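Asks: Provided herewith is a single structure, encoded as structure tokens, for subsequent inquiry.
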């Protein structure tokens, strides 16, 4: 049984001009210890999906349909008190900007201890000792002295390491990392990703790694899901998807990444832009920009269909029996 | 190529925009978020109506008031101390009763509201002009000028507005001979209140100017060779005015209260042009002898006026604040 | 921290200097003290004698220097109207104003802060809406009107509380007169302190509420929720602490506003404090009192600002300077 299973998740935002669907029937699963990368442009709905899993969507947004199961147990319908126990203890979260994620008025030792004591019932001394160990684990030098320091006394990379420690200290089985390196210097990004990978492997924690950076995915993820306009358009093992993307959008994404090894005359660019939530075209959301679009693409929305190995793509090009081409 | 897609535009917001252009400006306003949040909140609509009524009554007092309280010929001491028309002993000619001189309270209130509003508005405009100019100059010119101006603002800020207004008024009162003071008292009050309130505008505008100053359109204007003054007024100013208007609306309520307080204390508008504050002060003397209406009705009018202005200001602030939507 | 205090005091010097300059300028250029003091009939010789006596024939800076020296010794000359030393008058009245102001400030804080926290946390309860409506009216009511209405209800109609004066006072410590120790003194304090404090109470309540709402939207609160901390820990630990920090500054400034608004309250209730003295001075162009009051107020505000800065420094670790943040 997969650790996390998301089935047909739908997240809506009612506005006065109508209801906007930010996440539209998204389904995927994550196994124990696996790293699933979720990649897509800004506004594709990846962060919202992560937020929906731990039910931190800000009103008026709300989960309008689908199910979220953790080890077979539904967590999207839990009462708030129960959900609170799930957060932190079973599912941890890492957000994008380490500066604003940490409370500036509390020492990091206090924030660590507080989290552990809430979920693990430790005494003050035990919590403090464990906090120091965690700081050492994430690579903060002089942990025993820095434990009482305040967030503003650390650099950006160090702060994100503290955030990672905070997310993992209650020993969750799954961590949702929402753009964990976007706010960091390029030179630091690799270190932080490596740290995250190592720690999760050591503790057997699964990761849902949300990012818009394909490089991070290629480096850290086992499988990858590509999102577009609130839908998953391709999902599969990283090797397969990166080496040979099937969905036209993923192809476009791969083609637009500069490479140090290949020689390219010019970077490919996908014409147009991702549609606004209020203007998603009928059928396949990508059809206006797709070079291979045909009639069926404009009429029916494709579900995820097998393409190669363990990958799937939501594209009529891969419908069985080649019936795609015939349907008018 | 997407050419086989029948007329589906790539920029999907274009159809919306074309539609908006076809509607007139009024139609667009009615469709805007501002109007939406306004018409959906019954409280705001109510306060807008109240405010309009009061302002209308005040502005058109000379035309609308049933009596002229300043025309000594029409006053009759026999009419003095009439209670409101619906109470025992009331006279239907004087809806809200009369004061100690036989003046109709309703008319006096209308004229009083006129003065209160006038002083309030003018002082806000004065404060806004002063503050915006100082803020613009401080932010744009920077350097020592900025430091000096902001230091002055800090010093001013250590004193509550009421105190500054009182002080300025007192000084002018001491400096001018009595008759001259009475004639210009109205403007002195406006000046005093205005000068006690400019710092908020200055700070906000300065902050915005500092941000705008480094934007490309300003550098472009400089490259073309426009003068600094021109750049400040035509280019930077329109971009920093937004929050200023919100501050002004919120300040209006305070300005009206400030004037009322000064007049109540006896150091505000001259007795020949009584504002609501003056009326309350005069009526206060009769509180203990039972003629409560002389003080209470001007008081209620004052509160309604400030309340509706404050509510409108609150709504404006919330409506223009993208974070709260 | 010592350096901090010293630097703040040094910063206050230009303010005090500027204020003394203005005070002195009032003396020197506004009105004619000689004419006021001598009345209508006087001879040239008398005038010249008085001019020499008062030192009015000296150059500007010499006069200013004399003024400063005198001021530092607490000598502000004689009141034009009452012909008594200004310093005596002010000292006589100070306890009345200070007792009134502190009682009002205490009321404002004790009621305003909890109300603000409540309406911030439970935005939609009917109690919150009720408080908010009251606060809106409170902000729109001028202080003097509140006083008049209270007098109308409690003194005229109900006859239970006095409408003027301080009641009986007790001499304490050789100089301070207090109304706290007598029943009539306490009764006389009720209406004026409510009048004075109501405006501030509503301001504080709205401030605390808006700060609370701001804080509840931050990333670190979201992260705290994502870590599964209890509501109590989030609301009364993280959120409250962060809310109170900016509230401290504003409250300090409010104390200054209270002392200023005491002028109005003292007028309505004929409370024998410095405010009443000041307003009478303004109405009668009694410059010495105005100048002395101005300098006293300036000193008081500078001290208040200093205390507020100190509190800020103690509460917010970001102001205490950072340790060397080593490493990426």
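The values are calculated or read from the model by the stated rules, or taken from the named source; none is laboratory data. Predicted model only: the values in this text are computed from it and were never measured. So basically every Cβ, Gly included, is an ideal-geometry build from the backbone, and we count neighbours across all protein chains shown.
Asks: Test each condition in (1) in a helix (DSSP H, G or I); (2) modelled with pLDDT of 85 or more; (3) buried (at least 21 other Cβ atoms within 10 Å of the Cβ) for residue C:229 and report the one that comes out false.
Replies: (1)
Asks: Out of the residues in the range C:209-224 that are within 13 Å of chain A (Cβ to nearest Cβ) and surrounded by 21 or more Cβ atoms within 10 Å (Cβ to Cβ), which is farthest from residue A:89 (Cα to Cα)?
Replies: C:215
Asks: I would also like to ask the following. With the requirement that a residue be surrounded by fewer than 23 Cβ atoms within 10 Å (Cβ to Cβ) and either in a loop (DSSP other than H, G, I, E, B) or away from chain C (no Cβ under 12 Å) (or both), what does the range B:249-271 give you?
Replies: Selection gives B:249, B:266, B:267, B:270, B:271.
Asks: Within the range A:55-87, track down each residue that is within 14 Å of another protein chain (Cβ to nearest Cβ) and under 15 Å from residue A:3 (Cβ atoms).
Replies: Narrowing the range A:55-87 to residues within 14 Å of another protein chain (Cβ to nearest Cβ): A:55-61, A:70, A:75, A:78-87.
Within the range A:55-87, A:70, A:75, A:86 qualify.
Asks: Take the conditions surrounded by 15 or more Cβ atoms within 10 Å (Cβ to Cβ), within 14 Å of chain A (Cβ to nearest Cβ) and outside any helix (DSSP H, G or I) and apply them to residue C:237. Does it pass? Don't jump to the end; show me each part of the working.
Replies: Details: surrounded by 15 or more Cβ atoms within 10 Å (Cβ to Cβ): yes; within 14 Å of chain A (Cβ to nearest Cβ): yes; outside any helix (DSSP H, G or I): no.
It is false that residue C:237 is surrounded by 15 or more Cβ atoms within 10 Å (Cβ to Cβ), within 14 Å of chain A (Cβ to nearest Cβ) and outside any helix (DSSP H, G or I).
Asks: Are there any pairs with C-beta distances below 9 angstrom linking a residue in the range B:299-321 that is more than 9 Å from chain C (Cβ to nearest Cβ) to a residue that is assigned to a loop (DSSP other than H, G, I, E, B), with the two at least 6 apart or on different chains, and if so which?
Replies: From residues that are more than 9 Å from chain C (Cβ to nearest Cβ), the pairs are B:315/B:41; B:318/B:325; B:319/B:325.
Asks: Hey, among the residues in the range C:12-21 that are free of Cβ contacts under 8 Å to residues at least 40 places away in the same chain and facing chain B (nearest Cβ under 9 Å), which one's surrounded by the fewest Cβ atoms within 10 Å (Cβ to Cβ)? First the steps, then the outcome.
Replies: Step one: of the range C:12-21, the residues free of Cβ contacts under 8 Å to residues at least 40 places away in the same chain are C:13-14, C:17-18.
Now drop any that are not facing chain B (nearest Cβ under 9 Å), which leaves C:14, C:18.
Details: C:14: 12, C:18: 14.
The residue in question is C:14.
Asks: Please pick out the residue among B:66, B:42 that is touching a helix residue (DSSP H, G or I) at 6+ places or on another chain (Cβ under 7 Å), at pLDDT 70 or above and more than 24 Å from residue B:120 (Cβ to Cβ). Steps first, please.
Replies: Working: B:42 fails: touching a helix residue (DSSP H, G or I) at 6+ places or on another chain (Cβ under 7 Å).
Sole residue among the options that is touching a helix residue (DSSP H, G or I) at 6+ places or on another chain (Cβ under 7 Å), at pLDDT 70 or above and more than 24 Å from residue B:120 (Cβ to Cβ): B:66.
Asks: Restricting to helices (runs of 4 or more DSSP H) lying wholly in the range B:149-227: which have 1 or more residues that are within 13 Å of chain C (Cβ to nearest Cβ)? If you could, list the steps in order and put the result at the bottom.
Replies: Numbers: elements: B:161-175, B:178-195, B:199-213, B:216-224.
Of the helices (runs of 4 or more DSSP H) lying wholly inside the range B:149-227, those with at least 1 residues that are within 13 Å of chain C (Cβ to nearest Cβ) span B:161-175, B:178-195, B:199-213.
Asks: In the range A:63-133, which helices (runs of 4 or more DSSP H) lie fully inside it and hold 3 or more residues that are within 23 Å of residue C:243 (Cβ to Cβ)? First the steps, then the outcome.
Replies: Numbers: elements: A:80-86, A:98-101, A:108-120.
Counting at least 3 such residues, we get A:98-101, A:108-120.
Asks: For the range B:180-209, how many residues are modelled with pLDDT under 80 and over 16 Å from residue B:266 (Cα atoms)?
Replies: Residues in the range B:180-209 being modelled with pLDDT under 80 and over 16 Å from residue B:266 (Cα atoms): 1 in total.
Asks: On to the next question. In the range C:198-205, is there at least one residue being within 14 Å of chain A (Cβ to nearest Cβ) and farther than 16 Å from residue C:264 by Cβ? Before the answer, list the steps.
Replies: So the first thing to find is which residues in the range C:198-205 are within 14 Å of chain A (Cβ to nearest Cβ), and the list is none.
Within the range C:198-205, not a single residue is within 14 Å of chain A (Cβ to nearest Cβ) and farther than 16 Å from residue C:264 by Cβ.
Asks: Just to be sure before I move on: is residue C:285 more than 12 Å from chain A (Cβ to nearest Cβ), closer than 28 Å to residue C:84 by Cα, in contact (Cβ under 8 Å) with a residue 60 or more places away in the chain and surrounded by 24 or more Cβ atoms within 10 Å (Cβ to Cβ) in the structure I sent?
Replies: Details: more than 12 Å from chain A (Cβ to nearest Cβ): yes; closer than 28 Å to residue C:84 by Cα: yes; in contact (Cβ under 8 Å) with a residue 60 or more places away in the chain: yes; surrounded by 24 or more Cβ atoms within 10 Å (Cβ to Cβ): no.
No; evaluated as a whole, the condition is false for this residue.
Asks: How do the pairs read when you match residues in the range A:1-16 that are outside the structural domain of residue A:53 (by TED's automatic domain parsing) and modelled with pLDDT under 90 with residues anywhere that are outside any strand (DSSP E or B) and surrounded by 20 or more Cβ atoms within 10 Å (Cβ to Cβ), using Cβ under 7 Å and keeping only pairs 6 or more apart or on different chains?
Replies: Nothing qualifies.
Asks: Which of the residues spanning the range C:242-282 are more than 10 Å from chain B (Cβ to nearest Cβ) and free of Cβ contacts under 8 Å to residues at least 40 places away in the same chain?
Replies: The answer is C:242, C:246.
Asks: Name every residue in the range C:257-298 that is under 27 Å from residue C:168 (Cβ atoms) and not in a helix (DSSP H, G or I), in order of residue number.
Replies: C:270, C:271, C:272, C:273
Asks: Would you confirm whether any residue within the range C:179-190 is at pLDDT below 80, crowded, with 17+ Cβ neighbours inside 10 Å and touching a helix residue (DSSP H, G or I) at 6+ places or on another chain (Cβ under 7 Å)?
Replies: Yes, because at least one residue in the range C:179-190 is at pLDDT below 80, crowded, with 17+ Cβ neighbours inside 10 Å and touching a helix residue (DSSP H, G or I) at 6+ places or on another chain (Cβ under 7 Å).
Asks: Might you let me know whether the range B:272-292 holds any residue that is facing another protein chain (nearest Cβ under 9 Å) and more than 26 Å from residue B:69 (Cα to Cα)?
Replies: So in the range B:272-292, the residues facing another protein chain (nearest Cβ under 9 Å) come out as B:277, B:280-281, B:283-284, B:287-288, B:290, B:292.
If we keep only those that are more than 26 Å from residue B:69 (Cα to Cα) too, we end up with none.
Taking every residue of the range B:272-292 in turn, none turns out to be facing another protein chain (nearest Cβ under 9 Å) and more than 26 Å from residue B:69 (Cα to Cα).
Asks: Could you go through the range B:71-86 and let me know if any residue there is closer than 20 Å to residue B:113 by Cα and modelled with pLDDT of 70 or more.
Replies: yes
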